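Beneath this line is the structure, given in structure tokens, with notes to follow.
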């Protein structure tokens with residue numbers, strides 16, 4: 001007989017692979033982040049699609065305090081969910097919203113690095129940076145967020161990532177860049193700032209890389225890290241073209257249908 005966590009992971013993995021929506025999973029896997037982490041890791045171990053990188057989630061400090069957590073968490077991002085800017089994404093009732101982020105491409109040499117990643121040695125592992133839109137949502141018939149476990153247990157709630165034009169990495173004041181995401185057709189516009197992303201996107205990146213190192217993951221290739229939303233989770237109020245802009249980095253687009 002399969003255990004409850006095995007049965008639950010099988011259902012979530014099947015939903016993830018076939019783009020299906022299932023009934024909400026048992027709350028024992030969502031109330032506590034450490035239990036959600038166990039389920040996420042088990043689910044990810046059953047996915048055979050190529051990994052494109054990792055995402056930071058729960059990077060808003062007010063949200064961390066609200067849910068009584070000490071830090072964000074991370075999840076794997078698969079190539080099947082990685083799109084170029086301007087592509088279309090179909091949403092459903094389980095979609096939570098749209099986010100605007102900064103992402104970084106990391107050199108494979110990171111995997112042979114020794115010791116912790118610090119703000120001083122971080123830059124030597126970054127090759128490129130870009131603006132990114134993330135569509136977030138569940139594989140389950142539920143709405144809202146009551147804990148980090150809700151998001152973490154469901155593959156970090158990542159649905160699709162759309163990446164704008166990448167630029168060669170250079171040091172800029174990434175901790176204080178104005179951002180905006182908008183849909184002109186329905187007159188929706190939300191302003192943000194990169195300083196809402198776990199102090200800064202670079203600090204979020206450092207967090208993810210050290211977690212990947214601690215978990216002894218080795219992709220043996222260059223990979224992307226998505227650092228968290230600069231505008232929060234913006235509700236998708238209508239279909240059509242959403243454009244995200246990050247000062248000094250450029251823009252990224254997603255067509256919601």
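Taken together, the values in this text are just the output of simple stated rules run on the coordinates, not laboratory data. Not measured: the values here are computed from a predicted model. All Cβ positions, even for glycine, are placed from backbone atoms using ideal geometry, and neighbour counts span all protein chains on display.
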Residues of the stretch 168-194 being over 10 Å from residue 231 (Cα atoms) and touching a helix residue (DSSP H, G or I) at 6+ places or on another chain (Cβ under 6 Å), in sequence order, are 174, 175, 176, 177
Is at least one residue of the stretch 135-157 more than 30 Å from residue 27 (Cα to Cα) and outside any loop (DSSP other than H, G, I, E, B)? no
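Can you pull out the strands (runs of 3 or more DSSP E) entirely within the stretch 64-129 that have at least 3 residues that are out of contact with any helix residue (DSSP H, G or I) (no Cβ under 7 Å at 6 or more places or on another chain) and surrounded by 20 or more Cβ atoms within 10 Å (Cβ to Cβ)? Walk me through it before giving the result.
Values: elements: 73-78, 82-84, 95-106.
Answer list for the stretch 64-129: 95-106.
Just wondering, is there one or more residues in the stretch 211-221 that are under 18 Å from residue 85 (Cβ atoms), in contact (Cβ under 8 Å) with a residue 60 or more places away in the chain and within 16 Å of the chain's Cα centre (by Cα)? Step through it out loud before you land on a result.
Filtering the stretch 211-221 for residues under 18 Å from residue 85 (Cβ atoms) gives none.
No.
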With the requirement that a residue be surrounded by fewer than 13 Cβ atoms within 10 Å (Cβ to Cβ) and under 30 Å from residue 38 (Cα atoms), what does the stretch 164-220 give you? 214, 215, 216, 218, 220
Quick check on the stretch 41-63: of everything there that is loosely packed, with under 14 Cβ neighbours inside 10 Å and in contact with a strand residue (DSSP E or B) (Cβ under 8 Å, 6 or more places away or on another chain), which residue is farthest from residue 223 (Cα to Cα)? 49
